[in-house]
Amino acid sequence: MSITMKYKRFENTIVARIDRGEEILTSIREICRRESVTLANLSAIGAVGHAVVGLYQVEKQKYLPNTFDREMEMTSLNGNVTTKDGEVYLHLHANFADETGKVFGGHLNEAVISGTCELFIQIINGTVGRMHDPITGLNLFDI
């Protein structure tokens with residue numbers, strides 16, 4: 001998949017447009033790589049035709065994915081950028097509304113844009129890594 005998203009940096013804020021057919025997490029990772037972002041919070045809205053969101057079950061230490069292949073409004077996407085093993089690590093949650101207004105959401109694993117995505121990345125000067133927690137199975141902030 002070629003990445004054609006457009007973005008512009010204004011000091012510690014990146015404003016991006018992710019285009020039709022592009023996968024959101026892939027695009028965000030690429031922007032962060034290009035701009036050397038190691039710590040940030042982000043938010044976005046847009047429209048998708050495919051999304052995979054999940055619920056993490058702590059006791060089983062695994063995500064239960066829900067896949068949606070239909071036109072939906074991405075009513076919110078929130079999350080953060082940190083690092084794990086020297087690589088960009090994204091932790092994102094999103095909500096999607098269908099044509100009836102029913103909303104689905106959870107931990108975002110994958111989403112492909114059907115219309116557009118308007119993204120803001122607020123860069124924080126610094127770095128926070130991730131460490132694996134054997135009790136929950138999660139990759140927690142390493143503070």
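Each reported figure results from applying straightforward, stated rules to the coordinates on display, with no laboratory input. Everything quoted here is computed from the prediction, not taken from an experiment. Reconstructed Cβ throughout: ideal geometry from the backbone, glycine too, with neighbour counts over all protein chains shown.
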Item to check | For the chain, projected area of the alpha-carbon convex hull averaged over all directions, nm² | outcome: 8.8
Checklist entry - Along the Cα-to-Cβ line of residue 13, 7 Å from the Cα, sits a label point; which residues in the range 29-48 have backbone N less than 14 Å from it? => result 41-44
Item to check | Residues residue 124 and residue 67, FRET efficiency given R0 of 41 Å [Cβ-Cβ distance, rounded to 0.05] | outcome: 0.80
Checklist entry - Given a cut-off of under 8 Å on Cα pairs at least six residues apart, what relative contact order in percent is computed for the chain? => result 32
Checklist entry - Looking at the chain, which longest stretch skips every one of the GluC sites (Glu not before Pro) that is in a DSSP loop with at most 11 other Cβ atoms within 10 Å, leaving the sites themselves out? => result 12-58
Checklist entry - How large is the charge dipole for the range 6-77, taken about the Cα centre, if only the Cβ atoms of Lys, Arg (+1) and Asp, Glu (-1) carry charge, to the nearest 20 debye? => result 220
Checklist entry - Can you give the charge dipole size of the chain about its Cα centre, rounded to the nearest 20 debye, using +1 on the beta carbon of Lys and Arg and -1 on the beta carbon of Asp and Glu? => result 240
Checklist entry - Which trypsin sites (Lys or Arg not before Pro) from the range 1-84 combine a DSSP loop assignment with at most 16 other Cβ atoms within 10 Å? => result 20, 60, 70
Checklist outcome for this item: Non-local residues with an amide H under 5 Å from the amide H of residue 128, with H modelled 1.01 Å from N and Pro and chain starts lacking one, are 83
